[in-house]
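Enquirer: Structure below; questions to follow.
Rule-based calculations on the coordinates, nothing more; no lab input. This one's a predicted model, so the numbers in the text were calculated from it and none came from an experiment. Positions of Cβ are backbone-derived with ideal geometry, glycine not excepted, and every protein chain shown enters the neighbour counts.
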Amino acid sequence: AQSVTQLDSQVPVFEEAPVELRCNYSSSVSVYLFWYVQYPNQGLQLLLKYLSGSTLVKGINGFEAEFNKSQTSFHLRKPSVHISDTAEYFCAVSPGGKLIFGQGTELSVKP
Amino acid sequence: DTAVSQTPKYLVTQMGNDKSIKCEQNLGHDTMYWYKQDSKKFLKIMFSYNNKELIINETVPNRFSPKSPDKAHLNLHINSLELGDSAVYFCASSQGRVGETQYFGPGTRLLVL
């Protein structure tokens, strides 16, 4: 069975600092990987996804992620965060169409 | 021009009651989903429909029954509500299934007293 582990439940960071949110997955077959963001009291919004091809994926709001098959990781990065990036971030895999989510990482950006 | 909408947004009810949550998407997608987000923000798939046909039915109590009258609508009916049903329920839709982006509704916050 496929699963996703987000290694940090909370990541506090200062504004304009770089950030990395870590995600590891387990799968014995080809995977599709996603990062979604959930702002307070809202639904989820896609940041980026990896289906195939280039392992560096660029998404919205300046985020990017790198697919690393040998390390089974799909870490999310942003070189300089804003206060508005404060949200919950979810990594997910998609076997057969359904999304299997990690536990979420709460990114808290402080001034 | 809301893409995926849910009603109601908030639902407070007593244990033992029956309630329904409605979902509509105007994206022309053929696949719709229900997810449950618990108090620790953990998200789990419950059901998925493709062109009105049930294709994913995770381990969910029989008290939960989805219904899709057409491919733009997916409703969730819950019988005999229990305290543990308190959660945020999200509807989502996608065009196709594998590898497709899922678009989420704003969620329905259910509180069972």
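Enquirer: Taking B:PRO61 as the residue in question, decide whether it is on the phi < 0 side of the Ramachandran plot and not in a strand (DSSP E or B).
Expert: Numbers: on the phi < 0 side of the Ramachandran plot: yes; not in a strand (DSSP E or B): yes.
It is true that B:PRO61 is on the phi < 0 side of the Ramachandran plot and not in a strand (DSSP E or B).
Enquirer: Go over the candidates A:PHE90, A:PHE34, A:PHE63 one by one and state the one that is surrounded by 12 or more Cβ atoms within 10 Å (Cβ to Cβ) and without any contact (Cβ under 8 Å) to a residue 40 or more places away in the chain.
Expert: On the way: A:PHE90 fails: without any contact (Cβ under 8 Å) to a residue 40 or more places away in the chain; A:PHE34 fails: without any contact (Cβ under 8 Å) to a residue 40 or more places away in the chain.
Of the residues listed, the single one that is surrounded by 12 or more Cβ atoms within 10 Å (Cβ to Cβ) and without any contact (Cβ under 8 Å) to a residue 40 or more places away in the chain is A:PHE63.
Enquirer: Of B:GLN37, B:GLN6, which residue is buried (at least 16 other Cβ atoms within 10 Å of the Cβ), touching a Gly at 6+ places or on another chain (Cβ under 6 Å) and under 22 Å from B:LEU111 (Cα atoms)?
Expert: The conditions single out B:GLN6.
Enquirer: Output the residue which, of all residues in the range B:20-48 that are outside any strand (DSSP E or B) and in contact (Cβ under 8 Å) with a residue 40 or more places away in the chain, is farthest from the other protein chains (Cβ to nearest Cβ).
Expert: B:GLY28
Enquirer: Within the range A:66-87, which residues are in contact (Cβ under 8 Å) with a residue 60 or more places away in the chain and part of a loop (DSSP other than H, G, I, E, B)?
Expert: Passing the criteria: A:PRO79, A:SER80, A:VAL81, A:HIS82.
Enquirer: Could you tell me how many of the residues in the range A:29-59 are outside any strand (DSSP E or B) and in contact with a strand residue (DSSP E or B) (Cβ under 6 Å, 6 or more places away or on another chain)?
Expert: Matching residues across the range A:29-59 total 5.
Enquirer: Another one. From (1) loosely packed, with under 15 Cβ neighbours inside 10 Å; (2) at the interface with chain B (Cβ under 8 Å from one of its Cβ atoms), pick out the condition that doesn't hold for A:LYS49.
Expert: (1) is the only condition that A:LYS49 fails.
Conditions (1) within 14 Å of another protein chain (Cβ to nearest Cβ); (2) in a loop (DSSP other than H, G, I, E, B), marked per residue:
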site	(1), (2)
B:PRO69	no, no
B:ASN75	no, no
B:LEU81	no, yes
B:PHE90	yes, no
B:GLY96	yes, yes
B:GLU100	yes, yes
B:PRO106	yes, yes
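Enquirer: In addition: So which of A:TYR25, A:TYR36 is of a type in the set (Ser, Thr, Tyr), closer than 23 Å to B:TYR35 by Cβ and away from chain B (no Cβ under 14 Å)?
Expert: A:TYR25
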